[in-house]
Amino acid sequence: MTGQFEGIGASLQEKDGQIKVSDLIPGSASYRQGDLKAGDIILRVAQGAAEPVSIEGLRLDKAVALIKGKKGTEVRLTVKKTDGSTQIIPIIRDVVIIEETFAKSATIDDNGKKIGYIRLPGFYADFNDNGGRSSATDVKKELEKLTKENVQGVVLDLRSNGGGSLQDAVEMAGLFVENGPVVQVRSSQGAPNILNDRDPRVQYSGPLVVLVNKYSASASEILAAAIQDYKRGIVMGSASTYGKGTVQRIFDLDDAMPAEFNNIKPFGSLKLTTQKFYRINGGSTQFKGVVPDIILPDLYSYLDQGEKEQDYPLKWDEISPARYRPWSGAPAVAKLTEASKKRVDTSESFKLINGMVQRMIKRKNDTMVSLKLDTYRAEQQLAKAESDKYEQLQKAAQPLNIAPLTADLRQLGSDTVQVNRATRFTRNLKKDITLREAVAVVKDQI
């Protein structure tokens with residue numbers, strides 16, 4: 001939730017029973033210490049001067065638990081370097097900032113039209129530090145920067161955003177609409193509590209597209225639903241979002257048990273569903289999720305994923321709508337949907353995705369597997385040929401002209417590692433066909 005943790009700041013991977021350093025987070029404790037390098041294999045871990053513990057053959061999560069620790073404590077890693085030598089590396093743990101957690105923006109130049117792009121991986125917030133980073137504040141800053149870049153529209157990417165801070169979702173909706181209700185929260189008893197954006201100011205009032213997929217959940221669904229109900233922008237993506245419209249609380253059973261049971265503690269915890277989210281139009285985001293205005297072909301669509309696939313999910317229902325006033329400059333949804341459908345229907349990339357989804361569904365439902373080696377190999381070769389065909393089509397596609405903001409790169413200065421991370425963020429988006437269609441929908445509104 002905070003975008004940070006306490007540790008050494010190294011990304012690890014397990015391979016052939018060994019724990020290998022795959023990357024170092026710039027500015028982290030291990031990065032500043034300087035001896036630990038990508039490619040090093042960690043053999044043993046010691047807490048300060050204590051006896052080292054071998055982690056060879058250990059599961060990755062178990063190894064990480066030994067290496068992580070409180071800020072200011074020392075961990076000593078015995079590592080095998082790439083040249084075969086062994087070295088003991090002492091590192092004082094510190095706070096690690098995970099930059100990939102935070103909102104980032106870029107600009108897309110498409111035939112003279114400049115479109116802003118904001119990627120939000122999660123609704124983060126630091127509830128223990130009033131001065132800590134929050135997703136709503138960061139998105140506001142990104143919108144300010146994009147406004148200075150004179151963008152003519154904005155794409156807000158909530159794909160695979162699993163949610164987080166509810167208050168940030170409410171504040172973020174307020175960046176795009178005037179003051180009013182954003183979400184209704186209801187307990188098992190009593191009237192729903194309406195959470196409002198109380199700021200009449202609108203940070204950004206231009207064309208807006210919100211991208212979602214099947215893994216957009218919780219706070220993502222609240223924001224997307226508010227944008228849709230206010231008719232403030234176009235929601236695009238998978239057939240529906242995840243459908244996580246409930247609130248859980250964790251109760252420590254040790255706190256509830258009398259003192260005479262202390263000798264047999266711990267009893268563990270109990271997770272209870274205590275509240276449910278409802279849109280301002282009265283419908284729940286639970287179970288059904290948010291259905292986009294424009295639905296695009298998606299490789300995830302064949303997967304049985306979502307809240308409705310969980311054990312004993314609460315069903316969809318609705319309550320009375322809140323009082324709100326839709327956006328006066330509402331987009332022409334029907335016209336934009338029709339134009340998008342024409343592009344998607346003639347797109348070779350989307351046609352291939354549709355074909356791949358149908359084959360995946362067929363394979364998933366087909367419980368018969370041939371024991372004839374030749375038949376099995378032929379099926380595998382066919383699957384690989386289809387996959388290669390899609391990759392070749394993607395490589396041949398005209399890449400999006402997307403780049404990090406000049407102001408951001410200027411701020412990073414000559415730190416090549418940080419600059420590479422910033423450009424890596426946009427590099428993976430250049431052949432993103434869903435983003436390309438989102439840009440086209442924005443352009444249809446300019």
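Laboratory data are not the source of any read-out in this text; all were calculated from the coordinates shown. All values derive from a computational prediction rather than experimental measurement. Neighbour counts are summed over all protein chains in view; Cβ atoms, including those assigned to glycine, are modelled from backbone coordinates with ideal geometry.
Listing for the model above:
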{"item": "From the C-alpha gyration tensor of the range 345-443, square roots of 5λ in Å", "result": "39, 18, 11"}
{"item": "Net charge of Cβ neighbours under 11 Å - reference ARG159; Lys, Arg +1; Asp, Glu -1", "result": "-1"}
{"item": "Percent RCO, i.e. relative contact order, over the chain, from Cα pairs under 8 Å lying at least 6 residues apart", "result": "12 percent"}
{"item": "Nearby lysines by direct alpha-carbon distance to LYS308 (threshold 21 angstrom, same-chain neighbours under 8 apart not counted)", "result": "LYS214, LYS244, LYS271, LYS276, LYS288, LYS364"}
{"item": "Pairwise centroid distance, computed over Cα atoms, of the range 264-302 with the range 125-189, Å", "result": "18 Å"}
{"item": "Euclidean distance of C-alpha centroids, the range 1-71 and the range 377-446, integer Å", "result": "31 Å"}
{"item": "Chymotrypsin sites (Phe, Trp or Tyr not before Pro) lying in DSSP loop within the range 213-310, provided at most 16 other Cβ fall within 10 Å", "result": "PHE267"}
{"item": "Computed label-point distance, nm, for sites GLU309 and THR73 using a 7 Å Cα→Cβ extension", "result": "3.8 nm"}
{"item": "Rel. contact order, % - alpha carbon contacts under 8 angstrom, at least six apart, the range 65-192", "result": "19 percent"}
{"item": "Positive minus negative residues near VAL53 (Lys, Arg vs Asp, Glu; Cβ under 11 Å)", "result": "+1"}
{"item": "Of all DSSP beta bridges in the chain, antiparallel share, percent nearest 5", "result": "80 percent"}
{"item": "Cut-off under 5 Å, modelled amide H: who pairs with ILE89 long-range", "result": "LEU77, THR78, VAL79"}
{"item": "P(r) histogram, all alpha-carbon pairs of the chain included - 10 Å bins from 0, percent", "result": "4, 16, 24, 25, 20, 9, 2, 0"}
{"item": "All lysines inside 17 Å of LYS342 as judged from Cα atoms, apart from same-chain residues fewer than 8 positions distant", "result": "LYS351, LYS443"}
{"item": "Relative contact order for the range 345-443, counting Cα pairs under 8 Å that sit 6 or more residues apart, in percent", "result": "27 percent"}
{"item": "Excluding exposed DSSP-loop trypsin sites (Lys or Arg not before Pro) (at most 15 other C-beta within 10 Å), longest clean stretch of the chain", "result": "82-197"}
{"item": "log₁₀ of I(q)/I(0) at q = 0.21 Å⁻¹ - the range 81-217, Debye sum with one point per alpha carbon", "result": "-1.37"}
{"item": "Residues ASN428 and ARG323, FRET efficiency given R0 of 45 Å [Cβ-Cβ distance, rounded to 0.05]", "result": "0.60"}
{"item": "Value of [θ]222 nm, deg cm²/dmol, for the chain, DSSP H segments ≥ 4, -39500 (n - 2.57) each, nearest 500", "result": "-9000 deg cm²/dmol"}
{"item": "Extension gain from VAL333 to ASN130, taking 0.36 nm per residue of separation minus the Cα-Cα distance", "result": "69.1 nm"}
{"item": "Summed side-chain charge close to SER340 - residues other than SER340 whose Cβ falls under 12 Å, Lys, Arg +1, Asp, Glu -1", "result": "+1"}
